[in-house]
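Below is one structure; the comments refer to it alone.
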Amino acid sequence: MDETSDTDKGAESPPQDDLEKILEERARLESSINDKFTRIITVVFTDLKGSTAIAENEGDLVSRMLIKYQNDILLPAIQENKGTFVKSIGDGTLSYFEHALDALRAAVRIQRGMDELNMSKKFKTPVLMRIGMHTGKCMVEAKDIFGDVVNTASRFESSADPGMILISEETYNALSDKSEIYCRFIKQVSLKGKKDLFNAYKAFWNPKEIELDKQGQDVLPRQEAAVPVRSSGMKAVWGAVAVVAVVLLLTLGMKFMGSSQSSESKRSVSDSVAPAAAGEAQR
């Protein structure tokens, strides 16, 4: 009589062939999803600085007008440069572009539009926009985008100064024409949730700033002669070099001290022996 219960039979592992088929099907589905929804894009975040002060000082109606003016500047810039507007997030926005240069063109146009808005004196408080962008693989759906690229672009936006366009090294490298819009490396930034430092480039949009920077007038600090390698491994290498240098210095120092003490000892012995020899010569 078979004492194995129906429950025990149900708990048996599936045959190896079935397991391999399941894994193959899973891999096929993941590959299909990646092919259909994952693309290399440039993600752009914007954020208004000064909107809170306008809301407090000039009221909600004026604050609402500011958002309208922002959209009148931002949406055409995105659309005309083949971008996709995803959504508003408070007084910020999220969009993406298939090509990095299109994203940068849109950002420059937005900053110039904001500059014109401030010159019009429609608001008592100047309004500046921070723009950050990053390029990489991202999951793109009909009405939203997801992935680490989105988070990194957001961190670059928050690391930018008001009125600045701050782009990642990946975006800079993805530019099909680096001569069209003047960019240069300015610093390494630490991004929340990221272990390694990121190389950050500023895209200049103001002609006066561009001319001053090209003349070396230090519009921005020139921290590095060349772009540093973004690698935690390099930190370990330099750390090891520093340790070796310290050990060598200590070793040389000990040898020098030892030789100095030996010379002093010899001189002391000769000094102590010399008087006695002189005395014997007198006798």
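The values are calculated or read from the model by the stated rules, or taken from the named source; none is laboratory data. It should be emphasised that the depicted structure is a prediction, and the values quoted were computed from it without experimental measurement. Glycine also receives a Cβ, built like all others from the backbone with ideal geometry; neighbour counts cover every protein chain displayed.
At a glance:
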item: Some residue of the range 102-122 being under 11 Å from the mean Cα position of the chain (by Cα) and crowded, with 17+ Cβ neighbours inside 10 Å; result: no
item: Helices (runs of 4 or more DSSP H) completely within the range 87-204 that count 3 or more residues being modelled with pLDDT of 95 or more, charged (D, E, K, R) and closer than 29 Å to GLY216 by Cβ; result: 100-119
item: Single residue of the range 187-207 satisfying the filter (of a type in the set (A, V, I, L, M, F, W, C) and over 27 Å from MET119 (Cβ atoms)) that is surrounded by the fewest Cβ atoms within 10 Å (Cβ to Cβ); result: LEU197
item: Pairs with Cβ under 6 Å, 6+ apart, first in the range 85-113 and in the same structural domain as THR52 (by TED's automatic domain parsing), second of a type in the set (Gly, Ala, Ser) and in a strand (DSSP E or B); result: PHE85/SER95; VAL86/SER95; SER95/GLY83; PHE97/GLY83; LEU104/ALA203; ALA106/GLY83
item: Subset of the range 169-186 [of a type in the set (D, E, K, R) and surrounded by fewer than 18 Cβ atoms within 10 Å (Cβ to Cβ)]; result: GLU169, ASP177, LYS178, GLU180, ARG184
item: The range 118-152, residues that are without any contact (Cβ under 8 Å) to a residue 40 or more places away in the chain and farther than 27 Å from GLU98 by Cβ; result: ASN118, MET119, SER120, LYS121
item: Subset tally (residues that are buried (at least 23 other Cβ atoms within 10 Å of the Cβ) and either touching a residue at least 60 places away in the same chain (Cβ under 8 Å) or within 14 Å of SER95 (Cα to Cα) (or both)) for the range 153-168; result: 5
item: Test: residue in the range 43-54 that is more than 27 Å from ASP144 (Cβ to Cβ), modelled with pLDDT under 80 and of a type in the set (Val, Ile, Thr); result: yes
item: From the options LYS195, LYS143, LYS124, residue that is out of contact with any strand residue (DSSP E or B) (no Cβ under 7 Å at 6 or more places or on another chain), over 30 Å from SER63 (Cβ atoms) and among the basic types (Lys, Arg); result: LYS195
